[in-house]
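The values are calculated or read from the model by the stated rules, or taken from the named source; none is laboratory data. On a predicted model such as this, the values are computed, not experimentally measured, just so you know. Here the Cβ positions follow ideal geometry from the backbone for every residue, glycine too, while neighbour counts run over all protein chains shown.
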Amino acid sequence: MEPWIEAAAQEMAGRAERELEALVGVSSPSGDVKGAEEVLAIVSALLPGEARVERVPCSSPDHAPDLIATVSGSGSGRIVLLGHVDTVIGHADHRPIEDHGDRLVGSGTVDMKGGDVLALGVLRALAKAPERFEEVALLLVCDEEWRTASFGHVERFSGYDACLCFEAGQSGPNGEDEVVVRRKAAGTLLVDAHGRSAHSGSAPHKGANALLALAEAAQAIAAHHDPAGPHRLTAVPTVLNSGDAFNVVPAAGRLTCDLRADSEDPFEEVLAAVPDLVGGVRLEAHMLRVWPGMDAREPAAPVLESAAAALGRPILGGARGGASDASHLAAAIPVTIDGLGPRGGDAHHPDEYVLKASILARAQVALAIAGACLHR
């Protein structure tokens, strides 16, 4: 392992648990401005002194501004380190960090405040060696978990040499260090039903049952589910809301479905499969959000090879089905590598955790990849 990687990773790991405790100590669900501001105040205190801090509009309205911290160097190469500070878990269920021996348990530990801590560490490490780079930027957004608007930062970072995203890390089939270079496109499909109410006991025939119509729409959508097919499409109805009283034919309702595929192209076919009219109920289907897919396998391969040589052990490029902000920047930055955060599990769950033993190893991986991106 190159000495600078070993030394910097040790420093990062030595600080990581305290910094993660501070970030997780703040409940910051998507859309909570106060929580986001408090987390970003902590982040600002952890930045290197050389960093220039900007607060820029968030992609989603009514959110706290996002943070960009930039360090300039005397070398060549520009990279952006990407993360988010918002969590899925709300205030009522927020869990501050707890030490459970081999793991750190708490809301947002692995998704993705653990990754934010490593991104901060990489920025600090590089700031000490300005001859290695022209510019390193840290972008932390406040709306990743629930965003339906377009990602607003693509133009700003278009033309950078690499994007490194710090979502949770993963292992290869034999325990190797693995990062994410391929992600599926993600879509949220909504179907709204407009029927007619009636007394369900004395005159059900006068109604137009929105619930039944949505159930038929759910079956039509699920019929396109084909995870082993050419597009690896998953089409999964996830939420159905309809009806207000036990004795009334429901006149309205909404069906929500989650779509994933290698690209967003198959989503249109699923959308077209929803019937316009079922049993006198008018159905309106539309996409609430569409996040692009990401396939950086080819441009990332030489970077991973170089990083593995500097690290002294293999780094594999893997895939993940979940969506990430990395996918948005991948269209403008071909070398986009995700999954640089620590390993853990139970994301979006009260028992979410980071594995302590993974922190040092993932710090080493992130530093090696950052170095390789800057010396291509």
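Look at Thr256 and say whether it is surrounded by 13 or more Cβ atoms within 10 Å (Cβ to Cβ) and of a type in the set (Val, Ile, Thr). It is true that Thr256 is surrounded by 13 or more Cβ atoms within 10 Å (Cβ to Cβ) and of a type in the set (Val, Ile, Thr). For the stretch 336-344, the criterion of a residue being buried (at least 22 other Cβ atoms within 10 Å of the Cβ) and out of contact with any Lys or Arg (no Cβ under 9 Å at 6 or more places or on another chain) is satisfied by at least one position. Report yes if Ala119 is in a loop (DSSP other than H, G, I, E, B), within 16 Å of Ser324 (Cβ to Cβ) and among the aliphatic types (A, V, I, L, M), otherwise no. Criteria not met by Ala119. Scanning the stretch 165-179 for residues that are closer than 12 Å to Asp325 by Cβ and either out of contact with any helix residue (DSSP H, G or I) (no Cβ under 6 Å at 6 or more places or on another chain) or assigned to a strand (DSSP E or B) (or both) yields a single hit, Cys165. Among the residues that make up the stretch 54-67, is at least one of them surrounded by fewer than 20 Cβ atoms within 10 Å (Cβ to Cβ), at pLDDT 95 or above, assigned by TED's automatic domain parsing to the domain that holds Arg147 and part of a helix (DSSP H, G or I)? No: zero hits. Within the set Asp102, Asp116, the sole residue that is on the phi < 0 side of the Ramachandran plot, surrounded by 24 or more Cβ atoms within 10 Å (Cβ to Cβ) and among the acidic types (Asp, Glu) turns out to be Asp116. Scanning the stretch 80-104 for residues that are under 13 Å from Pro342 (Cβ atoms) and assigned to a strand (DSSP E or B) yields Gly83, Arg103, Leu104. Picking from residues in the stretch 263-317 that are of a type in the set (Asp, Glu) and more than 13 Å from Asp338 (Cβ to Cβ), the one that is surrounded by the most Cβ atoms within 10 Å (Cβ to Cβ) is Glu264.
Candidates are the residues of the stretch 114-154 that are of a type in the set (Val, Ile, Thr) and modelled with pLDDT of 95 or more; the one that is farthest from Ala13 (Cα to Cα) is Val154.
Restricting the stretch 1-44 to residues that are of a type in the set (Asp, Glu) and outside any helix (DSSP H, G or I), which is surrounded by the most Cβ atoms within 10 Å (Cβ to Cβ)? So the residue we want is Asp32. Just one of (1) in contact with a helix residue (DSSP H, G or I) (Cβ under 9 Å, 6 or more places away or on another chain); (2) of a type outside the set (Val, Ile, Thr); (3) under 21 Å from Ala347 (Cα atoms) fails for Arg18. It is (1). Residue count for the stretch 345-364, restricted to those that are under 20 Å from Gly25 (Cβ atoms) and either buried (at least 24 other Cβ atoms within 10 Å of the Cβ) or polar (S, T, N, Q) (or both): 3.
Those strands (runs of 3 or more DSSP E) of the stretch 184-269 in which at least 3 residues are in contact (Cβ under 8 Å) with a residue 60 or more places away in the chain, considering only elements entirely within it, cover 185-194, 252-261.
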